[in-house]
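The values are calculated or read from the model by the stated rules, or taken from the named source; none is laboratory data. Remember, it's a predicted structure, so these values are computed and weren't measured experimentally. Glycine also receives a Cβ, built like all others from the backbone with ideal geometry; neighbour counts cover every protein chain displayed.
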Amino acid sequence: MEVKKKKMKLLIVAPAFPPDRRVGAVRMGSLARYLLKKDVSITVITNRKDSVEIPVSKYIYVDTQETGRYSEKFACNEQLYLKAFNDEVDSEQYDAVIVSGGPFYTFSIAKASKYKKIPCVLDFRDPWIFDYREAKEFFSPKKLYTKIREIPKERAAVNAASAVVTVTDGWKQDFERYYPGQQGKFYTISNGYDDELLTDLHKADYNNQGKIVIGVFGKLFYYTEQYSKVFLNGVRKFADKVSVLQIGEREPEASGLLEACNISSDLIKNTGFLPYKEGMEYLMNADVLMIIDVRANAIGTKIYDYIFLGKPIVFVGPRKTQFADMVGKISENYICSTTEEVEDAFTNILAGHVKKTSTETNIKDYARSSQNERWWKLLNEVYKN
């Protein structure tokens, strides 16, 4: 007589989850779709939504506090999620829990999960405590005080977790350095382009006005004022020949940076917020794609979307970063750390010497489906143990 294999029962805790269209929702949404095909029973605890997009077994909604001081919101939402978690696992049995953040007010669930003897996997889509951008931001008194106060919370969560996942090898190495007593529980599962959603793409109508279009998906100036000015000063002499198509809203700092660099605000055309697939269809109009970043160990999700589109990439930022390394490895693109290098890059681009993504790049390696296979392997390891 054949013994039927037990169906895995998984609890996903993710404040950002579809139909939320922000980038933070994409990772767990993609994983849930993949696991449903593996016949996994999934319950999701998430912030309240108006509709259901992914047909998991059960949704539990949390009405989070969104106004007031940061510390008050964090403490309130932490307790709301803890209650939702405890109420659910007291009434239902689960084989594993995934807690994905930020926001990180959900991460105290790792300790509660250990107490309930349910293996918990923490998914750090971004760093919590050591989220370095420019030093002046990280070491501002208010930011530093908040980080110091939350160090014990992160340590308790990491110690309690069965496994800790992050999205870059650099961040994994950071965790191994910060928590030397927890070796063996850290894993890298990268982001990727969402191949399941990027089928049947059609290039959106867009008037490039006869200019070279520099495409940006999401944030442009957010991570660094210094290198934003490097880009703007480098591209200023070509301002009548290029335009920036930014998929998303105009950033608050854009006007001040453009004015400081004596560039018209017309350089940047914003689409406003667009769903992922529609944003990619607009990005198909770009001649080159743009990244400005300074974080040493970060690899933002837009790089994977750029790889999928096969467009040349201009990266502006320090050379000793994982972003720069990745851009250099996947194709022959432009890595610029100075105004002069930006000028040289766009001189070549405007002369028609636009470099194409290397044909040796296997874009399927950068798909979310490939990363979801790694999730499946990890969950099975956790489940067996």
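Would you pick out the residues in segment 78-99 that are in contact (Cβ under 8 Å) with a residue 60 or more places away in the chain and either of a type outside the set (D, E) or not assigned by TED's automatic domain parsing to the domain that holds I42 (or both)? Hits for segment 78-99 are Y81, F85, V89, Q93, Y94, A96, V97, I98, V99. Residues in segment 180-205 that are in a loop (DSSP other than H, G, I, E, B), free of Cβ contacts under 8 Å to residues at least 60 places away in the same chain and surrounded by 14 or more Cβ atoms within 10 Å (Cβ to Cβ): K185 alone.
The combined condition, being out of contact with any Asp or Glu (no Cβ under 7 Å at 6 or more places or on another chain), buried (at least 20 other Cβ atoms within 10 Å of the Cβ) and either assigned by TED's automatic domain parsing to the domain that holds G248 or without any contact (Cβ under 8 Å) to a residue 12 or more places away in the chain (or both), is not fulfilled by F323. Total residues in segment 79-96 satisfying the condition of being assigned to a loop (DSSP other than H, G, I, E, B) and among the charged types (D, E, K, R): the figure is 2.
Inspection of segment 261-273 identifies at least one residue that is in contact with a strand residue (DSSP E or B) (Cβ under 6 Å, 6 or more places away or on another chain) and of a type in the set (S, T, N, Q). Considering segment 25-62, and only residues there that are part of a loop (DSSP other than H, G, I, E, B), charged (D, E, K, R) and at pLDDT 95 or above, the residue that is nearest to the chain's Cα centre (by Cα) turns out to be K38. Hey, does segment 132-155 have a residue that's closer than 27 Å to Y34 by Cα and either at pLDDT 95 or above or buried (at least 20 other Cβ atoms within 10 Å of the Cβ) (or both)? No, segment 132-155 contains no residue that is closer than 27 Å to Y34 by Cα and either at pLDDT 95 or above or buried (at least 20 other Cβ atoms within 10 Å of the Cβ) (or both). Answer yes or no as to whether R177 is modelled with pLDDT of 90 or more, more than 21 Å from Q79 (Cβ to Cβ) and buried (at least 18 other Cβ atoms within 10 Å of the Cβ). In short, no. P19 passes every criterion in (1) farther than 21 Å from E92 by Cβ; (2) surrounded by 13 or more Cβ atoms within 10 Å (Cβ to Cβ); (3) at pLDDT 95 or above apart from (3).
Residues in segment 172-217 that are among the aliphatic types (A, V, I, L, M) and under 17 Å from the mean Cα position of the chain (by Cα): I189, L197, V216.
For Y383, the criteria (1) aromatic (F, W, Y); (2) part of a helix (DSSP H, G or I); (3) modelled with pLDDT of 90 or more hold in every case but one, which is (3). Within segment 69-80, is there a residue that is in contact with a helix residue (DSSP H, G or I) (Cβ under 7 Å, 6 or more places away or on another chain), closer than 24 Å to A163 by Cβ and not polar (S, T, N, Q)? Scanning segment 69-80 turns up no residue that is in contact with a helix residue (DSSP H, G or I) (Cβ under 7 Å, 6 or more places away or on another chain), closer than 24 Å to A163 by Cβ and not polar (S, T, N, Q). Search segment 22-39 for residues being free of Cβ contacts under 8 Å to residues at least 40 places away in the same chain and buried (at least 19 other Cβ atoms within 10 Å of the Cβ), and hand back the single one that is farthest from A96 (Cα to Cα). Ranking the qualifying residues of segment 22-39, first place goes to A25.
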